[in-house]
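Here's the structure we're looking at; comments come further down.
The values are calculated or read from the model by the stated rules, or taken from the named source; none is laboratory data. Owing to the predicted nature of the structure, the values given are computational and were not obtained by experimental measurement. For neighbour counting, all protein chains shown are included, and Cβ atoms are generated from backbone atoms with ideal geometry for every residue, glycine included. Remember, those area values only see protein heavy atoms, side chains included, never the ligands or the DNA or RNA. Shrake-Rupley method; radii C 1.70, N 1.55, O 1.52, S 1.80 Å.
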Amino acid sequence: MFRPSHFAAVLVFALFASVVFGITQRDSPPRMLRYGMYCFALFTGSAILLSWVMFFIAR
Amino acid sequence: MATAPDKISPAVKETKQGFVYLPLIAGWLVPGAGHFLLGKWGRGVLLSVSILSMFSLGIAMQGRLYGGAHDILDMLGLAGDLGNGILYFVGRVAGWGVDQVQVTTADYGTRFIVVAGLLNVISAVDAHNLRTGRKA
């Protein structure tokens, strides 16, 4: 059984989703790579940001 | 309104014969198969690995495969799961994701499986767009 931490699950999710988004949403390989990295940064960045927001709301 | 014929790539023009929805259906049934049929090997491998990994990790996390639709959320989950194509049916036959497990990672796993299905639908539609020449 695979039991990742919440953040590890976010990273894995972001990686695979970004690969698919990059390939399907852009035409050329350089633009695919750039868009994939952009999606990965947005996925992980928004997860970190929302985690901090929820941390301060919970206090 | 007329379509612009110059936007269709030569590679796609060569494969214009045959059933136009074949890459869409193949891509839905087997992740990446639509791109393989069109000779887009690199893209097909990356899509296939991503979707298969996401589905497998979802199962490994003891995620649930939706079997029936009892309410609207189950219906949406089932629709997402069905996007996995053959993987979903293999999982159902093999009895994967049947048990209701009360651990946090099982909930992540259920989402991984649903999202793998949705990503597979996106990649199958992409294969169809490549086939019709809408995308290079």
Exercise for the section: Using a 10 Å cut-off on Cβ to Cβ distances, tally the other chain neighbours for every residue of B:108-114 and report the average as a whole number. Expected result: 3
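To the nearest 100 Å², how much accessible surface do chains B and A hide from each other in total, with a 1.4 Å probe? Could the numbers behind the result be given before it?
Working: alone 8070 and 5000 Å², together 11200 Å².
Chains B and A together bury approximately 1900 Å².
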Exercise for the section: Calculate what fraction, in whole %, of the accessible area of the protein assembly as shown sits on carbon and sulfur atoms when a 1.4 Å probe is rolled over the protein chains. Expected result: 69
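Highest first, please rank the peptides A:11-18, B:75-82 by the mean number of other Cβ atoms sitting within 10 Å of their residues. Display every interim value, and only then the final one.
Numbers: A:11-18: 19.4, B:75-82: 17.9.
With the highest mean Cβ count within 10 Å placed first, the list reads A:11-18, B:75-82.
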Handout entry: Solvent exposure of the protein assembly as shown as accessible area per residue, Å², 1.4 Å probe
Key = 57
Exercise for the section: Take the alpha-carbon centre of segment B:41-72, take the same for segment B:76-136, and report the distance between them in whole Å. Expected result: 5
Problem - Normalised per residue, the volume of the convex hull around the Cα set of chain B (Å³) - result: 122
Problem - Convex hull of the protein assembly as shown built on C-alpha atoms - directionally averaged projected area, nm² - result: 14.0
Handout entry: Test item: A:14-21 mean partner chain Cβ contacts at 10 Å
Key = 6
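Determine, for each peptide in B:99-106, B:61-68, A:36-43, B:129-136, the mean count of other beta carbons within 10 angstrom over its residues, then list the peptides with the highest first.
Details: B:99-106: 13.4, B:61-68: 20.2, A:36-43: 15.9, B:129-136: 18.0.
Listed from highest to lowest mean packing, they are B:61-68, B:129-136, A:36-43, B:99-106.
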Problem - Ratio Rg/Rh [Cα only; Rh per Kirkwood] for chain A - result: 1.12
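Per residue of A:1-7, how many C-beta atoms from partner chains lie within 10 Å of its own C-beta, taken as a mean? Numbers along the way, then the final one.
Working: counts 9, 12, 9, 6, 2, 3, 0.
If you average over the peptide's residues, the count of other-chain Cβ atoms is 6.
Give me the net charge of B:Asp107's neighbourhood, meaning all other residues with Cβ under 13 Å from the Cβ of B:Asp107; Lys, Arg count +1, Asp, Glu -1.
Residues near B:Asp107 contribute +3 overall.
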